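Okay, structure first, notes after.
Computed from the coordinates by the stated procedures, all read-outs in this text should not be read as laboratory data. From a predicted model like this one, the values you see are computed outputs, not experimental measurements. Cβ atoms come from the backbone with ideal geometry, glycine included; neighbour counts cover every protein chain shown.
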Amino acid sequence: MRILVIEDEPGISGFLKEGLEEEYFAVDLAFDGKTGLDMAILNEYDLMIVDWMIPGISGIEVCRQVRKAGSSVPVIFLTAKDTLEDIVFGLDAGANDYIRKPFAFEELLARIRVQLRRNNPENDSIRAGCVTVNPVTHKVFCGDSEVALTPKEFSLLEFLARNKDKVCTRSRIIEHVWDMHFDSDTSVIDVYINFLRKKLDSAGCGNIIQTIRGVGYIIRES
């Protein structure tokens, strides 16, 4: 899952990037509203965390413009503005949630999971065939057998599982699993797919990740 953080305070943005990457998210940073808006329009993100008071275009305007462009990406405001009127104003501008500074990182993670759970409303686990992926515990099971994955392997499998029965193109995998500095001309995706296939096959799930030649990869439910 790929997150855009628009925050002009280096200490907070650095803290968020480090913490979210430890939770297996790919994170892009923007330090002003115009840059953040451009990145949000040009790239496909799974979630945005936006400070209200940022240089240039305000966080409110960023959110409005993102919605005007037709994007439904979840937006969480992270700001020191904390009156009831501020909260209502932010939500009316198109935000999905609102967290006051100072904040607890654990609460932010919980709110992120709520937003990402929209496509999997029953529980935190994602099931695709015999594979179960838990984004909270970062554990993967093939039936009853736990499969040990690296953070990037986990992120890749989570994305494929969230999109089961849908073909995931290489470009979409890059957009959601790797950050903006990833070299899309490399064969890294194929390498990680091979790693995943070997580990899942050894655990008894067989070759559940199928190649759609010339397009990308898919995990089928059956």
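Each label was represented as a point 7 Å from its Cα along the Cα-to-Cβ direction; for residue 58 and residue 144 these points are 5.8 nm apart.
Region 112-172 to region 68-88: how many Å between their Cα centroids? Going from one Cα centre to the other spans 27 Å. Near the amide H of residue 128, within less than 5 Å, lie the amide hydrogens of 133, all on another chain or at least 5 residues away, with H placed in the peptide plane. Checking Cβ-Cβ separations below 4.7 Å across the chain identifies 63, 130, 168 as cysteines lacking any candidate disulfide partner. Taking the C-alpha atoms only, the angle from helix 10-22 to the longest principal axis of the chain is near 20 degrees. Against the main long axis of the alpha-carbon atoms of the chain, helix 59-68 sits at an angle near 60°. The residues packed around residue 67, meaning those with a beta-carbon under 14 Å from its beta-carbon, carry a net charge of 0 if Lys and Arg are +1 and Asp and Glu are -1. Give the shape of region 3-42 as rounded, prolate or oblate, defined through the alpha-carbon gyration tensor: a ≥ b ≥ c are the square roots of its eigenvalues, a/c under 1.5 means rounded, and otherwise the shape is prolate if a/b is larger than b/c and oblate if not. Oblate.
Dividing the Cα radius of gyration by the Kirkwood radius, what Rg/Rh value follows for region 2-118? Rounded to two decimals, Rg/Rh equals 0.91. Couplings 3J(HN,Hα) for region 91-97, derived from phi with the Karplus relation 6.51 cos²θ - 1.76 cosθ + 1.60 (θ = phi - 60°), are 5, 5, 6, x, 6, 8, 7 Hz, where x marks Gly and Pro.
Under the convention that each Lys and Arg Cβ holds +1 and each Asp and Glu Cβ holds -1, the size of the dipole of the chain around its Cα centre is about 900 debye. Size of region 88-204: Rg and Dmax of its alpha carbons, in Å, are 16.5, 52. Taking only Cα atoms, what is the 0 to 90° angle, nearest 10, from helix 188-202's long axis to the longest principal axis of the chain? Helix 188-202 sits at roughly 50 degrees to that axis. Here the simple spin-label model places points 7 Å from the Cα toward Cβ, and for residue 220 and residue 101 these points are separated by 5.0 nm. Compute a Gaussian network model of the chain, connecting alpha carbons closer than 10 Å, and tell me which residue from 90, 11, 59 fluctuates the most. Of 90, 11, 59, the most mobile in the Gaussian network model is 11. Over the chain, the hull volume per residue, using the convex hull of the C-alpha atoms, is 123 Å³.
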